[in-house]
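For reference, the structure is listed below as structure tokens.
Just so you know, all these numbers are worked out from the coordinates, no wet-lab data involved. Just so it is clear, the structure is predicted and the values come from calculations on it, not from any experiment.
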Amino acid sequence: MYQGKRILAVIPARGGSKGIPKKNLKIVQGKRLIEYTLEAAITSKYIDHIFVSTDDLEIAKVATSNGINVPELRPAHLATDKSKTIDAIMHTIEYLDTHKNEKFDYVILLQPTQPLRTNQHIDESIELIIDKKWNSLIGVSPVKDHPSLIRSISTDVLEPLIKQTSTIRRQDFKAYFKVNGAIYINKINGDFNSNTSLNDNKHAYIMSDYEDIDIDEIRDLELFDFVLTKSKRD
């Protein structure tokens, strides 16, 4: 709880994955991938309830072994490749309200595929959205490749992404940021529903590009392992 507001954390973790089978259960330096996010949520100062939304018994057992009760598995129709995360979140909120009489003011989505997000990031973002009285917040990181240098190709002709000269000095470029998928926070009110586009959350919590790792392919796991090794060495 922060400033009298109850905070629900939802950790979505399907058993299926096309890029890396059983991705959330892959072990990196002695921990399963999902455990990095579980640890960050558990050690947050402000999260009141953690709900792991999964269709997979093995993932549920990992959550339970970390002290997180999984009262039900995610329904199959919410666990397909085409299922939307927002629907799993709405199902979680409704389930806790109906079956546990638990109500919350804000929900924070923490995806296991962004394992470098820490409890400090979580707590800072919660403080920010509540102190600023915002309805939504999203984690972002600075882009490495400036949009003025990005081109598409149409009938063999290069077309710029944005209409800005690329001849100016790099230090004079306007800063751009990308949604990094690490943190989404929304106020639970009448405007928050199954039509909500989480990637369009309005306000930014800025993280470094160092913390921007999205585990989608095997090489992402290798990069994560490398970053962990380097941070321990440093």
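Springs join every pair of Cα atoms under 10 Å in this Gaussian network model of the chain, and among ASP191, ASP216, ASP105 the largest mean-square fluctuation is at ASP191. Spherically averaged projected area of the convex hull of Cα atoms, the chain: 15.8 nm². Considering only beta bridges that DSSP places wholly inside the chain, some 55 percent are antiparallel.
Once C-alpha pairs closer than 8 Å and six or more residues apart are averaged by separation and normalised to the residue number of the range 1-147, the relative contact order reads 34 percent.
Largest GNM mean-square fluctuation among SER141, SER154, SER17, using the chain with Cα springs under 10 Å: SER154. For the pair the range 14-51 and the range 115-137, the centres of their Cα atoms are 19 angstrom apart. Computed from the alpha carbon positions, the gyration tensor of the range 40-165 leads to an equivalent ellipsoid with semi-axes of 35, 21, 15 Å, biggest first. Across PRO160, PRO75, PRO142, mean-square fluctuation computed from a Gaussian network of the chain (C-alpha pairs under 10 Å connected) peaks at PRO160.
For the range 108-234, the alpha-carbon radius of gyration amounts to 1.26 times the rule-of-thumb value 2.2 N^0.38 Å expected for a compact globular protein. Our summary of shape: the Cα atoms of the range 1-113 have principal axis extents of 40, 32, 19 Å, ordered from largest down, in whole angstrom.
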